[in-house]
Amino acid sequence: TDNPVTMVVVLFTGGVLVGFGTRLAGGCSSGHGLSGCGRLRPVSILATAVFFGTAVVVSLLLGGMS
C-alpha cells in the first residue's frame, strides 16, 4: 500500500507480534535457527519451521495485495 499511515500501523503491528512470538517461543528466530537447530533441539526445529512457515504465508498474502 502507498498510504504511509497504513504502512506505519502494519510495521508497528508486525513488531509487536515479533516481540510476542519471541517471548512465546523462548528466544528469537535467529537463536533458534542457528544455535538450537545446530544442537538438534526439537523445540528449536519446530519453532524455526513455524517462523519460516509464517513468513511464507504472510509474504504470499501481502504479495496478493499489491
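For this structure, a couple of remarks:
- Only Cα pairs under 8 Å and 6+ residues apart enter the sum, and on that basis the relative contact order of the chain stands at 23 percent.
- Under the Karplus curve 6.51 cos²θ - 1.76 cosθ + 1.60, θ = phi - 60°, whole-Hz ³J(HN,Hα) for segment 7-13, x wherever Gly or Pro sits: 4, 5, 5, 5, 5, 5, 4
- Separation in nanometres of the label points that stand 7 Å from Cα toward Cβ, at Leu60 and Arg23: 3.0 nm
- Rule-of-thumb Rg ratio for the chain [Cα; 2.2 N^0.38 Å; N residues]: 1.31
- Measuring nothing but protein heavy atoms, the accessible surface of the chain at 1.4 Å probe radius is 74 percent carbon and sulfur.
- Helical runs assigned H by DSSP (4 residues or longer) give the chain a calculated mean residue ellipticity at 222 nm of -24500 deg cm²/dmol, each run adding -39500 (n - 2.57) before division by the residue total.
- Solvent-accessible surface of the chain, taken per residue with a 1.4 Å probe and all protein chains present: 80 Å².
The values are calculated or read from the model by the stated rules, or taken from the named source; none is laboratory data. These numbers were taken from a predicted model, which means no experiment stands behind them. Cβ sites come from the backbone with ideal geometry, for glycine too, and all protein chains shown count toward neighbours. Keep in mind that these areas ignore ligands, DNA and RNA; they rest on the heavy atoms of the full protein, side chains included. Shrake-Rupley method; radii C 1.70, N 1.55, O 1.52, S 1.80 Å.
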